[in-house]
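Below: one structure, written as structure tokens.
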Amino acid sequence: MNGFASALHLVGADVAAPLRAAVVRVAAERGHEPVLVDLDPWAGGSDVLLGLEHVAGVRWHDLDGADGEFDADGLLHRLPAGPLGERVLAHDRWAARPVDPDVVRAAMHALRLSAGLLVVDGAVPADLPELRRPRDRVWVAIGADVRSSAAGIAATQWLSLQGVQHRTVLLHTGAAPEHDEFDRIDELVRVGRSEWRDLDRGVLCGRRNGPLRAFAGRLLDDLVDGQVAA
């Protein structure tokens, strides 16, 4: 770690939820001090994903009207924290509204200075060009259903047109399906039913050895190796 954290951007709204949870869990277990940054005001709050919705701490709406830079350590330590040291900057589902882009940029910069790494809920690909940094990684998560596939195609095409380097992962619960609609699926990862049950209970996915946990570990290896090399 070199004092300026890289970010793993996971595009895919609900379909990427188990992967976000697993990455946060594995990162926290490894002592990376991860922060999940929630960029989707309409998804119900990423603190719910981590089971931290009742934990006191700063949410996006608390930063409304801020001007200039944030105190990096002060912001980090005011965020809701979980038992493994994971933290989240989430939208409050009772006060859901878009955040001023200047506030988002300032908060992201502060957390890059204070956190070990960032896991970004990049539900809206349009956020990525401005928030991404050279050592960041961008993955588009795709589900096996038709609607998720269509959303994945739209996201990958838009990112390609914007020149944003990205990779794709197909998350599925049964036999791996074939998706001829995509020019490239980089990874196929099975998400077990027990992991979906954990997600519904507010328990971080990836407690058990399996494909999802292994893939989360590989994503972190790639992100941290790139960060250290730089």
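The values are calculated or read from the model by the stated rules, or taken from the named source; none is laboratory data. In this text the structure is predicted, and so the values were computed from the model without any measurement. Reconstructed Cβ throughout: ideal geometry from the backbone, glycine too, with neighbour counts over all protein chains shown. Heavy atoms of the whole protein, side chains included, go into the accessibility calculation; ligands, DNA and RNA do not. Shrake-Rupley method; radii C 1.70, N 1.55, O 1.52, S 1.80 Å.
Just to compare against my own numbers: the Cα pair-distance distribution for region 78-126, 10 Å bins, whole % per bin, please.
Computed distribution, short to long bins: 19, 56, 24, 1.
Send over a whole-number figure in Å² for the accessible area per residue of the chain, probe 1.4 Å.
On the way: 10730 Å² over 230 residues.
Each residue of the chain exposes 47 Å² on average to a 1.4 Å probe.
So what are region 54-101's ellipsoid semi-axes, whole angstrom, largest first, if each one is the square root of 5 times an eigenvalue of the alpha-carbon gyration tensor?
Computed over region 54-101, the values are 19, 15, 7 Å.
In Å, what Rg and Dmax follow from the Cα atoms of the chain?
Rg and Dmax of the chain, Cα atoms, are 16.5, 50 Å.
Could you work out Rg/(2.2 N^0.38 Å) for region 82-199, with Rg from alpha carbons only? Walk me through the numbers on the way to the answer.
On the way: Rg = 16.3 Å, N = 118, 2.2 N^0.38 = 13.5 Å.
Cα-based Rg divided by the globular estimate yields 1.21.
Could you please state how large a percent of the accessible area of the chain is carbon and sulfur, counting protein chains only and using a 1.4 Å probe?
Numbers: 5200 of 10730 Å².
That share works out to 48 percent.
What size of dipole, in debye to the nearest 20, comes out for region 110-225 about its Cα centre when the only charges are +1 on Lys and Arg C-beta atoms and -1 on Asp and Glu C-beta atoms?
Numbers: 16 positive and 17 negative charges, 98 e Å.
Roughly 460 debye for region 110-225.
If DNA, RNA and ligands are ignored and the probe is 1.4 Å, what is the ranking of 38, 102, 127 by accessible area, most exposed first? Numbers along the way, then the final one.
Details: 38 0, 102 90, 127 55 Å².
The most accessible residue leads, giving 102, 127, 38.
Given a cut-off of under 8 Å on Cα pairs at least six residues apart, what relative contact order in percent is computed for the chain? Kindly include the intermediate steps, with their values, before the conclusion.
On the way: 434 pairs, mean separation 74.4, N = 230.
Once normalised by length, the contact order is 32 percent.
Given the C-alpha centroids of region 93-126 and region 1-77, what is the distance between them in whole angstrom?
Each part's Cα centre sits 8 Å from the other's.
Sort all Cα-Cα distances of region 32-154 into consecutive 10 angstrom bins from zero, then give the percent of pairs in each bin up to the one containing the longest distance.
The distribution over region 32-154 is 12, 44, 34, 9, 1, given as percents.
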